[in-house]
Amino acid sequence: MALAPTLTFQDHRLQTPSARFSDWLVSCTGSSWAAATEHAFTRAIGDDAMPDAAYVRYLIEDYTFITDLASTIGYLVAKAPTMRSKSRLSAFLALLTSEENNYFERSFAALDVPETVYRAAAQGPVTREFSRLLLESSGKGTYAEGLACLLCAEWVYLTWGLREAKKPRPKAFYLAEWIDLHAVQGFQDFVNWLREEMDEVGSSLTEAQQQQVAQHFQEMCRLEVSFFDAVWAAS
Ligand SMILES: Cc1ncc(C[n+]2csc(CCO)c2C)c(N)n1
């Protein structure tokens, strides 16, 4: 259940005048932000301490997740207010559906996961919740609500990716590449752009709309934790 943020954005700004709207969103998640970005699963990637079975569970779930994420970005391209925003989002969508798709296919092959298994995989309960939140917020909700979900998903990954990228790369290419994918300059630039876009769009919303956006961000963050928990628990 999403909790109401403790402070409104306006009150947060009174306390911290330099705070950005995106910073306020993170502050609204309470302990979930650290629980997601510092999850044991993310540390195991960089420590080369990932059990194959956990990574297979993760990749199968994540492949169904990013399929729905691609649909979400499609909705956001439609709702984005400017050509520049549509261009940024569609470039990211192109990357997600080409290079990243290729990463999954190569990794499944290396881990002996047959195509019939990952193509037909049913989503687990957490991924189903993710998909509902993503598709409803971006499809039926506002641009700001959908953007908040995308920002949370990408920013969590950039945060652990930058930390794990400081360690020597693990031997398995699928672990090493998963770190690089989330730490490269192009990905940093994209997340920075998402933050700027969210700051601009979010600052001009009414207080009630801002609370709604914060709840989406919070819910997304909570699901990121549950997603890692679900694949890590059996390890
Ligand atoms: C559950 C889950 N949440 C967030 C991401 C992050 N993510 C989704 S697509 C993409 C683009 C570049 O890799 C990134 C970073 C993920 N993979 N799985």
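The values are calculated or read from the model by the stated rules, or taken from the named source; none is laboratory data. No experiment lies behind these values; they were computed from the predicted model shown. Don't worry about glycine lacking a Cβ; one is built from the backbone with ideal geometry, like all the others, and counts go over all protein chains shown.
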(request) Taking only segment 1-43 into account, find how many residues are in contact with a Ser or Thr (Cβ under 9 Å, 6 or more places away or on another chain), without any contact (Cβ under 8 Å) to a residue 12 or more places away in the chain and within 22 Å of Lys167 (Cα to Cα). (result) 0
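Residue-wise test of (1) closer than 26 Å to Gln123 by Cα; (2) out of contact with any strand residue (DSSP E or B) (no Cβ under 6 Å at 6 or more places or on another chain); (3) hydrophobic (A, V, I, L, M, F, W, C).
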| residue | (1), (2), (3) |
| --- | --- |
| Leu150 | yes, yes, yes |
| Trp155 | yes, yes, yes |
| Ala183 | no, yes, yes |
| Gln188 | no, yes, no |
| Leu194 | no, yes, yes |
| Cys221 | yes, yes, yes |
| Asp229 | yes, yes, no |
| Trp232 | yes, yes, yes |
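Okay, residues lined up against (1) surrounded by fewer than 18 Cβ atoms within 10 Å (Cβ to Cβ); (2) more than 16 Å from the ligand (Cβ to nearest atom); (3) of a type in the set (Phe, Trp, Tyr); (4) within 18 Å of Thr72 (Cα to Cα):
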{"position": "Asp112", "(1), (2), (3), (4)": "yes, yes, no, no"}
{"position": "Thr116", "(1), (2), (3), (4)": "yes, yes, no, no"}
{"position": "Arg128", "(1), (2), (3), (4)": "yes, no, no, yes"}
{"position": "Arg132", "(1), (2), (3), (4)": "yes, no, no, yes"}
{"position": "Gly146", "(1), (2), (3), (4)": "no, no, no, yes"}
{"position": "Trp178", "(1), (2), (3), (4)": "no, no, yes, no"}
{"position": "Glu196", "(1), (2), (3), (4)": "yes, yes, no, no"}
{"position": "Leu205", "(1), (2), (3), (4)": "yes, yes, no, no"}
(request) Exactly one condition in (1) surrounded by 20 or more Cβ atoms within 10 Å (Cβ to Cβ); (2) over 25 Å from Phe104 (Cα atoms) is not met by Thr142; state its number. (result) (1)
(message) Can you tell me how many residues within segment 22-33 are away from the ligand (no atom under 16 Å from the Cβ) and among the hydrophobic types (A, V, I, L, M, F, W, C)?
(response) 2
(message) Could you check segment 180-193 and list, in sequence order, the residues that are over 23 Å from Val56 (Cβ atoms) and within 10 Å of the ligand (Cβ to nearest atom)?
(response) Val184, Gly186, Phe187, Phe190, Val191
(request) Report the residue count in segment 135-192 for those that are farther than 20 Å from Leu93 by Cβ and under 13 Å from the mean Cα position of the chain (by Cα). (result) 2
(request) State whether one or more residues within segment 186-201 are farther than 22 Å from Tyr143 by Cα and modelled with pLDDT of 95 or more. (result) yes
(message) Please pick out the residue among Ala121, Ala44, Ala70 that is touching a Pro at 6+ places or on another chain (Cβ under 9 Å) and closer than 21 Å to Leu223 by Cβ.
(response) Ala44
